[in-house]
Protein chains: 2
Amino acid sequence: MGKADFSPIADTTRRAEIVALLRRAILTGQLEPGQKLNELRISEQMRVSRAPLREAMRELVQEGILTSIPYAGTFVIDVTAKDIDDAYSLNKVLDEFAIERTWPLRNQRFFDELDRRHETVKQATRNRDTTRQIETALQLHGLIYEWADNSVLLETWQRLTSRLQMYFALHQQARKEAVPAADIHEIYVSLLKGTDMRAAQRHAREHIDLDFEELLSYARGLEQRPSKGA
Amino acid sequence: MGKADFSPIADTTRRAEIVALLRRAILTGQLEPGQKLNELRISEQMRVSRAPLREAMRELVQEGILTSIPYAGTFVIDVTAKDIDDAYSLNKVLDEFAIERTWPLRNQRFFDELDRRHETVKQATRNRDTTRQIETALQLHGLIYEWADNSVLLETWQRLTSRLQMYFALHQQARKEAVPAADIHEIYVSLLKGTDMRAAQRHAREHIDLDFEELLSYARGLEQRPSKGA
DNA sequence: CCTTGTCAGATTGTCGACAATCTGCTTGTC
DNA sequence: GACAAGCAGATTGTCGACAATCTGACAAGG
């Protein structure tokens, strides 16, 4: 059959590209929490007018990684230990739900995709590319959300992901050492392939606990850190 | 003491007002699902330029009640039975979590607020104001989210609320009869005041089931309904 | 010394006009 | 008559300029 699956072509608006650029800058920590985004300066740097830039910023405000105060400016969100803890506890609940929904829908394509993403994480780990390591680990984790066949759940996860990626990036940036080379995802993947759903859910919970443990103690340390301005 | 608590003053930007206007129009069903929003026409009607209107629309796109296709237009989201079912099942999980978190934080102020909102619903019911009835019922329901002391959870709920309100409004609009005068929230409120958390969670689940039951059958009926254009 | 009024500079919010893109119709060709 | 090319209208995307608002400094007054 000549039936090819074409994915939708890329958004060719400046707005979409600006959103991607800004998001990346925030999630990798290039833009620090609390920092103000000067519209004129950024628009000149990007060789773009302020209109699409402002529209892009509105999107990121709604996405939850920017915050806007009328006539004062738009800022990268501040990260508090409470924020991380909130995201963390919600994540646990959502994980359990996502696994429950994904469970009966697992098939060979799911397992293949699981392996593929796992491999991508391992590769990033080998390359000592911490930023990409965070990104790919979240993508591995996100598979259960993509597979759960619930659009609202997926959206919720994607919003959460933005923040988590930002938190982890900040954490990594703070302690300059490389992340553990040991593969902490091995068990997670194998449990998702297994037959005991409860076990998978339980592990996901503990798995998350592990990841967040350090993150939280780190965040509690920098509490009341002054926001850096431009 | 002359120490007054001042809440932040209202956003006085056109953008914010436009967002409120558009959201209301969508959530009350004035703008139908699938309908296209003509920027020029709306901006002229509101006596506003397209810039703030477009920024407002970006916000609502991210809020999930509008969808944008580059160079084609921005449309009110289409409502499918699956969407409602997805929102419904996630809502159940979130409710359980919200109740769990709110439970130890309940105090007199909580109970008072609960009664206040309950009273507001009853008043809207007496006045046969169905739109307000939906709105107030969701606000009553939202108290456990506001009280749970988890900002991420609250945000998630607020996004979900937008859709739910839209769904219920559509439903109401379809079947023109008035909503049941019987007070279905009575038990919910009393259980939240009680001592059996599990019972409250269980009831919330069933309570939601009741509300959604009709909504779902209605939505399944209008599946493949053609989207109405401008 | 502290408070209040004023002002200049910088930044955000809004506007009207232009450019890019899509849609549907018309036209020409076979 | 079927079909592709191309044109005109409408709509969205982007731009540069102007208006509204905030911030901080400075001066006047108590």
| Failed criterion for residue A:129 (all others in (1) under 17 Å from the mean Cα position of the chain (by Cα); (2) within 11 Å of chain B (Cβ to nearest Cβ); (3) surrounded by fewer than 19 Cβ atoms within 10 Å (Cβ to Cβ) hold) | (2)
| said: If I filter region A:14-42 down to residues being open to solvent by less than 20 Å² (accessible area, probe 1.4 Å) and in a loop (DSSP other than H, G, I, E, B), which single residue comes out as farthest from DNA strand C (Cβ to nearest atom)? | reply: A:29
| message | Which residue is farthest from the other protein chains (Cβ to nearest Cβ), if the candidates are limited to region B:62-71 and must be within 13 Å of DNA strand C (Cβ to nearest atom) and in a loop (DSSP other than H, G, I, E, B)? | response | B:71
| request: Would you check if residue B:205 is open to solvent by 80 Å² or more (accessible area, probe 1.4 Å), at pLDDT 85 or above and not acidic (Asp, Glu)? | output: no
| task | Sort through B:20, B:10 and tell me the only one that's over 24 Å from residue A:94 (Cβ atoms) and at pLDDT 95 or above. | result | B:20
| Within region B:62-108, considering residues that are of a type in the set (A, V, I, L, M) and free of Cβ contacts under 8 Å to residues at least 40 places away in the same chain, the one most open to solvent (accessible area, probe 1.4 Å) | B:69
| From A:170, A:154, A:192, residue being open to solvent by 20 Å² or more (accessible area, probe 1.4 Å) and in contact (Cβ under 8 Å) with a residue 60 or more places away in the chain | A:170
| So, of the residues in region B:132-151 that are buried (at least 22 other Cβ atoms within 10 Å of the Cβ) and β-branched (Val, Ile, Thr), which turns out to be nearest to the other protein chains (Cβ to nearest Cβ)? | B:144
| Among the listed residues B:91, B:107, which satisfies the condition of being away from chain A (no Cβ under 11 Å) and away from DNA strand D (no atom under 16 Å from the Cβ)? | B:107
| said: Restricting to region A:43-61, count the residues that are part of a helix (DSSP H, G or I), in contact (Cβ under 8 Å) with a residue 12 or more places away in the chain and within 12 Å of DNA strand D (Cβ to nearest atom). | reply: 6
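The values are calculated or read from the model by the stated rules, or taken from the named source; none is laboratory data. It should be emphasised that the depicted structure is a prediction, and the values quoted were computed from it without experimental measurement. Note that we place each Cβ from the backbone using ideal geometry, even for glycine, and neighbour counts take in every protein chain shown. Calculation scope for accessible area: heavy atoms of the full protein, side chains included, ligands and nucleic acids excluded. Shrake-Rupley method; radii C 1.70, N 1.55, O 1.52, S 1.80 Å.
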